[in-house]
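Here the structure is laid out as C-alpha coordinates; the discussion comes afterwards.
The values are calculated or read from the model by the stated rules, or taken from the named source; none is laboratory data. In this text the structure is predicted, and so the values were computed from the model without any measurement. Positions of Cβ are generated from backbone atoms using ideal geometry, with glycine treated the same way; all protein chains shown enter the neighbour counts. Side chains are part of the model used for accessible areas, which takes the heavy atoms of the whole protein and leaves out ligands, DNA and RNA. Shrake-Rupley method; radii C 1.70, N 1.55, O 1.52, S 1.80 Å.
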Amino acid sequence: MPELPEVEVTKRGIEKPLLNAIISSIYFDDKSLRKPFSPDLKKLEKARVLKIERRAKYIVITTTNGYLLLHLGMTGHLRVLDQKTPMDTHDHFEISLQSGVSIRYNDIRRFGLVLYFDKTQDPYQCEPLKSLGPEPFSEEFTSEYLYSRLHRLKKSIKQALMDNSIVVGVGNIYASEVLFLTKISPLTPSNKITQKQCDSLVEQIPLLLKESIKKGGTTIRDFSGADGKLGYFVQNLYVYGHEGEPCRICGTKIVSTVQGQRSTFYCPHCQK
(Lines give C-alpha, C1' and ligand atoms only; values in the text may rest on other atoms or scores of the structure.)
Protein backbone atom coordinates (compact mmCIF):
# COMPACT_ATOMS: atom_id res chain seq x y z
CA MET A 1 0.00 0.00 0.00
CA PRO A 2 1.39 3.46 -0.86
CA GLU A 3 2.46 5.25 2.31
CA LEU A 4 3.12 8.95 3.00
CA PRO A 5 6.33 9.24 0.91
CA GLU A 6 4.70 7.56 -2.08
CA VAL A 7 1.64 9.84 -1.84
CA GLU A 8 3.89 12.91 -1.53
CA VAL A 9 5.86 11.80 -4.60
CA THR A 10 2.58 11.38 -6.49
CA LYS A 11 1.30 14.77 -5.33
CA ARG A 12 4.46 16.49 -6.52
CA GLY A 13 4.24 14.64 -9.84
CA ILE A 14 0.75 15.91 -10.65
CA GLU A 15 1.27 19.40 -9.21
CA LYS A 16 3.07 21.02 -12.15
CA PRO A 17 0.52 20.15 -14.87
CA LEU A 18 -2.50 20.67 -12.56
CA LEU A 19 -1.79 23.92 -10.72
CA ASN A 20 -3.68 26.84 -12.33
CA ALA A 21 -4.93 24.55 -15.10
CA ILE A 22 -8.53 24.53 -16.38
CA ILE A 23 -10.36 21.20 -16.18
CA SER A 24 -12.04 20.52 -19.52
CA SER A 25 -13.74 17.25 -18.59
CA ILE A 26 -14.08 14.60 -15.89
CA TYR A 27 -14.44 10.90 -16.73
CA PHE A 28 -15.31 8.02 -14.43
CA ASP A 29 -16.47 4.51 -15.25
CA ASP A 30 -19.32 2.47 -13.79
CA LYS A 31 -17.09 0.45 -11.44
CA SER A 32 -17.14 1.51 -7.78
CA LEU A 33 -13.95 2.14 -5.84
CA ARG A 34 -14.14 2.06 -2.03
CA LYS A 35 -17.20 4.24 -2.58
CA PRO A 36 -19.16 4.75 -5.82
CA PHE A 37 -18.26 7.70 -8.03
CA SER A 38 -20.59 10.65 -7.49
CA PRO A 39 -22.18 12.43 -10.48
CA ASP A 40 -21.24 15.64 -8.63
CA LEU A 41 -17.67 15.10 -9.82
CA LYS A 42 -18.84 16.61 -13.13
CA LYS A 43 -19.19 19.95 -11.30
CA LEU A 44 -15.39 20.21 -11.49
CA GLU A 45 -15.57 20.70 -15.26
CA LYS A 46 -14.57 24.24 -16.33
CA ALA A 47 -13.01 24.85 -12.91
CA ARG A 48 -9.53 26.22 -12.35
CA VAL A 49 -7.19 24.28 -10.05
CA LEU A 50 -6.03 26.55 -7.23
CA LYS A 51 -4.08 24.26 -4.91
CA ILE A 52 -2.83 20.67 -4.54
CA GLU A 53 -2.06 19.47 -1.01
CA ARG A 54 -1.37 16.22 0.83
CA ARG A 55 -2.91 15.33 4.19
CA ALA A 56 -1.68 11.99 5.52
CA LYS A 57 -2.18 9.58 2.58
CA TYR A 58 -4.84 11.77 0.93
CA ILE A 59 -4.43 14.29 -1.89
CA VAL A 60 -6.71 17.34 -1.69
CA ILE A 61 -7.22 19.35 -4.88
CA THR A 62 -8.83 22.77 -4.41
CA THR A 63 -10.64 24.28 -7.42
CA THR A 64 -12.92 27.22 -8.10
CA ASN A 65 -15.85 24.75 -8.16
CA GLY A 66 -15.09 22.73 -5.03
CA TYR A 67 -12.67 20.12 -3.78
CA LEU A 68 -11.46 16.72 -4.95
CA LEU A 69 -10.22 14.19 -2.40
CA LEU A 70 -8.10 11.27 -3.63
CA HIS A 71 -6.73 8.18 -1.90
CA LEU A 72 -4.64 5.60 -3.79
CA GLY A 73 -5.85 2.58 -1.83
CA MET A 74 -3.58 -0.45 -2.08
CA THR A 75 -2.71 -0.50 -5.79
CA GLY A 76 -3.76 2.88 -7.15
CA HIS A 77 -1.65 5.09 -9.42
CA LEU A 78 -2.08 8.62 -10.72
CA ARG A 79 -0.36 9.19 -14.08
CA VAL A 80 0.27 12.33 -16.10
CA LEU A 81 -0.49 11.41 -19.71
CA ASP A 82 -1.28 12.87 -23.11
CA GLN A 83 -5.06 12.79 -23.59
CA LYS A 84 -4.58 10.72 -26.75
CA THR A 85 -3.06 7.87 -24.72
CA PRO A 86 -5.44 4.87 -24.96
CA MET A 87 -7.25 3.93 -21.75
CA ASP A 88 -6.01 0.85 -19.88
CA THR A 89 -8.33 -1.81 -18.47
CA HIS A 90 -8.10 -0.51 -14.91
CA ASP A 91 -8.23 3.23 -15.65
CA HIS A 92 -11.29 4.26 -13.64
CA PHE A 93 -11.07 8.06 -13.36
CA GLU A 94 -9.57 10.87 -15.44
CA ILE A 95 -9.14 14.63 -15.17
CA SER A 96 -8.66 16.11 -18.65
CA LEU A 97 -7.13 19.59 -18.85
CA GLN A 98 -7.43 22.28 -21.53
CA SER A 99 -3.67 21.95 -22.00
CA GLY A 100 -4.14 18.50 -23.57
CA VAL A 101 -2.80 16.68 -20.50
CA SER A 102 -4.76 14.10 -18.49
CA ILE A 103 -4.37 12.97 -14.89
CA ARG A 104 -5.54 9.36 -14.96
CA TYR A 105 -6.27 7.07 -11.99
CA ASN A 106 -5.57 3.35 -12.44
CA ASP A 107 -6.44 0.86 -9.70
CA ILE A 108 -6.51 -2.91 -10.21
CA ARG A 109 -8.06 -3.72 -6.82
CA ARG A 110 -10.32 -0.63 -6.66
CA PHE A 111 -9.66 0.13 -2.97
CA GLY A 112 -8.96 3.78 -3.70
CA LEU A 113 -11.21 6.77 -3.09
CA VAL A 114 -12.36 9.71 -5.23
CA LEU A 115 -14.69 12.16 -3.45
CA TYR A 116 -16.15 15.56 -4.33
CA PHE A 117 -16.87 18.35 -1.81
CA ASP A 118 -18.62 21.55 -2.81
CA LYS A 119 -17.37 25.05 -1.95
CA THR A 120 -19.51 25.26 1.20
CA GLN A 121 -17.73 22.27 2.75
CA ASP A 122 -14.30 22.03 4.36
CA PRO A 123 -12.80 18.68 3.29
CA TYR A 124 -10.37 18.81 6.20
CA GLN A 125 -13.30 18.77 8.64
CA CYS A 126 -15.09 15.92 6.90
CA GLU A 127 -14.59 12.20 7.07
CA PRO A 128 -12.04 10.73 6.71
CA LEU A 129 -9.70 13.67 7.49
CA LYS A 130 -11.15 15.26 10.62
CA SER A 131 -9.87 12.64 13.09
CA LEU A 132 -6.28 12.49 11.82
CA GLY A 133 -3.30 13.21 14.07
CA PRO A 134 -0.49 15.67 13.28
CA GLU A 135 1.78 15.45 10.27
CA PRO A 136 5.24 14.09 11.11
CA PHE A 137 6.81 17.26 9.65
CA SER A 138 4.65 19.64 11.66
CA GLU A 139 5.47 21.68 14.76
CA GLU A 140 2.71 19.79 16.62
CA PHE A 141 4.62 16.51 16.38
CA THR A 142 6.90 16.92 19.39
CA SER A 143 8.53 14.48 21.76
CA GLU A 144 6.31 15.70 24.58
CA TYR A 145 3.19 15.19 22.49
CA LEU A 146 4.22 11.67 21.45
CA TYR A 147 5.13 10.66 25.00
CA SER A 148 1.76 11.85 26.33
CA ARG A 149 -0.15 9.92 23.68
CA LEU A 150 1.85 6.70 24.02
CA HIS A 151 1.51 6.53 27.78
CA ARG A 152 -2.25 6.17 27.49
CA LEU A 153 -1.85 2.97 25.46
CA LYS A 154 -0.99 -0.64 26.16
CA LYS A 155 -0.71 -1.76 22.55
CA SER A 156 2.72 -2.22 20.98
CA ILE A 157 4.77 0.75 19.85
CA LYS A 158 4.69 -0.56 16.27
CA GLN A 159 0.89 -0.51 16.24
CA ALA A 160 0.80 2.91 17.92
CA LEU A 161 3.07 4.48 15.29
CA MET A 162 0.72 3.17 12.60
CA ASP A 163 -2.30 4.74 14.31
CA ASN A 164 -3.23 7.77 12.19
CA SER A 165 -4.95 9.44 15.13
CA ILE A 166 -1.52 9.67 16.84
CA VAL A 167 0.65 10.61 13.86
CA VAL A 168 -0.11 10.27 10.18
CA GLY A 169 1.96 8.63 7.49
CA VAL A 170 4.03 6.10 9.43
CA GLY A 171 2.76 3.00 7.66
CA ASN A 172 3.91 -0.57 7.99
CA ILE A 173 7.21 -0.29 6.10
CA TYR A 174 8.37 2.91 7.77
CA ALA A 175 7.25 1.85 11.25
CA SER A 176 9.49 -1.23 11.05
CA GLU A 177 12.37 0.84 9.71
CA VAL A 178 12.19 3.70 12.21
CA LEU A 179 12.03 1.30 15.14
CA PHE A 180 15.20 -0.34 13.84
CA LEU A 181 16.91 3.05 13.50
CA THR A 182 15.95 3.98 17.07
CA LYS A 183 16.84 0.51 18.45
CA ILE A 184 13.36 -0.03 19.89
CA SER A 185 11.74 -3.46 19.82
CA PRO A 186 8.42 -3.33 17.95
CA LEU A 187 7.01 -5.57 20.70
CA THR A 188 7.50 -2.92 23.40
CA PRO A 189 4.22 -1.74 24.97
CA SER A 190 3.59 1.92 24.15
CA ASN A 191 3.28 2.89 27.82
CA LYS A 192 6.81 1.57 28.43
CA ILE A 193 8.44 3.90 25.89
CA THR A 194 10.71 6.45 27.57
CA GLN A 195 10.95 10.18 26.94
CA LYS A 196 14.43 9.63 25.46
CA GLN A 197 13.04 7.06 23.03
CA CYS A 198 10.33 9.55 22.06
CA ASP A 199 13.07 12.09 21.38
CA SER A 200 14.68 9.62 18.98
CA LEU A 201 11.41 8.73 17.26
CA VAL A 202 10.41 12.35 16.69
CA GLU A 203 13.85 13.02 15.23
CA GLN A 204 14.09 9.94 13.04
CA ILE A 205 10.55 9.69 11.64
CA PRO A 206 10.72 12.92 9.57
CA LEU A 207 14.28 12.16 8.45
CA LEU A 208 13.32 8.70 7.24
CA LEU A 209 10.24 9.91 5.39
CA LYS A 210 12.07 12.82 3.76
CA GLU A 211 14.83 10.49 2.54
CA SER A 212 12.25 8.16 1.03
CA ILE A 213 10.50 11.08 -0.70
CA LYS A 214 13.85 12.19 -2.13
CA LYS A 215 14.33 8.71 -3.63
CA GLY A 216 10.88 8.46 -5.14
CA GLY A 217 9.28 6.36 -2.40
CA THR A 218 9.46 2.61 -1.88
CA THR A 219 8.37 0.18 -4.58
CA ILE A 220 7.71 -3.27 -3.11
CA ARG A 221 5.18 -4.50 -5.69
CA ASP A 222 2.99 -1.95 -7.42
CA PHE A 223 3.93 1.64 -6.66
CA SER A 224 5.18 4.06 -9.29
CA GLY A 225 5.11 7.84 -9.39
CA ALA A 226 3.03 10.05 -11.70
CA ASP A 227 5.82 9.80 -14.27
CA GLY A 228 5.72 5.99 -14.18
CA LYS A 229 9.08 5.67 -12.42
CA LEU A 230 9.56 3.18 -9.59
CA GLY A 231 10.64 4.33 -6.12
CA TYR A 232 14.11 3.14 -5.18
CA PHE A 233 14.16 3.74 -1.42
CA VAL A 234 13.66 -0.04 -1.19
CA GLN A 235 17.45 -0.26 -1.45
CA ASN A 236 17.72 1.57 1.90
CA LEU A 237 15.50 -0.78 3.90
CA TYR A 238 17.35 -2.37 6.84
CA VAL A 239 14.73 -4.84 8.06
CA TYR A 240 11.47 -4.70 6.11
CA GLY A 241 11.24 -7.71 3.82
CA HIS A 242 14.63 -9.08 4.98
CA GLU A 243 13.50 -11.98 7.16
CA GLY A 244 16.26 -14.57 7.58
CA GLU A 245 18.95 -12.26 6.20
CA PRO A 246 21.82 -10.99 8.37
CA CYS A 247 21.34 -7.59 10.00
CA ARG A 248 23.51 -5.02 8.23
CA ILE A 249 24.69 -3.72 11.62
CA CYS A 250 25.32 -6.81 13.78
CA GLY A 251 24.88 -9.85 11.52
CA THR A 252 22.02 -11.38 13.54
CA LYS A 253 19.25 -12.83 11.39
CA ILE A 254 16.27 -10.54 10.85
CA VAL A 255 13.05 -12.06 12.18
CA SER A 256 9.42 -11.33 11.45
CA THR A 257 6.18 -11.54 13.37
CA VAL A 258 2.58 -10.44 12.84
CA GLN A 259 1.14 -7.49 14.76
CA GLY A 260 -2.37 -6.31 14.10
CA GLN A 261 -2.51 -8.49 10.98
CA ARG A 262 0.56 -6.76 9.51
CA SER A 263 4.05 -8.18 9.12
CA THR A 264 6.74 -6.70 11.37
CA PHE A 265 10.47 -7.12 10.74
CA TYR A 266 13.21 -6.45 13.31
CA CYS A 267 16.64 -7.42 14.56
CA PRO A 268 16.37 -9.25 17.92
CA HIS A 269 19.91 -8.12 18.86
CA CYS A 270 19.85 -4.44 17.89
CA GLN A 271 16.24 -3.96 19.05
CA LYS A 272 16.24 -5.55 22.51
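Some points to look at:
- Considering only residues in the stretch 106-145 that are of a type in the set (V, I, T) and under 25 Å from S212 (Cα atoms), the one that is modelled with the highest pLDDT turns out to be T142.
- Selection of strands (runs of 3 or more DSSP E) fully inside the stretch 3-105 by the criterion of at least 3 residues being modelled with pLDDT of 95 or more and within 23 Å of V168 (Cα to Cα) returns 49-55, 58-63, 66-71.
- Failed item, numbered, when S102 is tested on (1) within 18 Å of A21 (Cβ to Cβ); (2) out of contact with any helix residue (DSSP H, G or I) (no Cβ under 8 Å at 6 or more places or on another chain); (3) among the small types (G, A, S); (4) open to solvent by 10 Å² or more (accessible area, probe 1.4 Å): (4)
- In the condition set (1) open to solvent by 10 Å² or more (accessible area, probe 1.4 Å); (2) within 20 Å of the chain's Cα centre (by Cα); (3) of a type in the set (G, A, S), A160 is compliant with all but (1).
- Considering only residues in the stretch 127-157 that are of a type outside the set (D, E, K, R) and without any contact (Cβ under 8 Å) to a residue 24 or more places away in the chain, the one that is least open to solvent (accessible area, probe 1.4 Å) turns out to be S138.
- Count of the stretch 171-191 residues which are part of a loop (DSSP other than H, G, I, E, B) and either open to solvent by 10 Å² or more (accessible area, probe 1.4 Å) or in contact with a Lys or Arg (Cβ under 7 Å, 6 or more places away or on another chain) (or both): 6
- Check on K16, more than 19 Å from the chain's Cα centre (by Cα) and either in contact (Cβ under 8 Å) with a residue 40 or more places away in the chain or farther than 28 Å from T120 by Cβ (or both): yes
- In the stretch 71-90, the residues that are under 22 Å from A21 (Cα atoms), touching a residue at least 24 places away in the same chain (Cβ under 8 Å) and open to solvent by 10 Å² or more (accessible area, probe 1.4 Å): H71, H77, R79, V80
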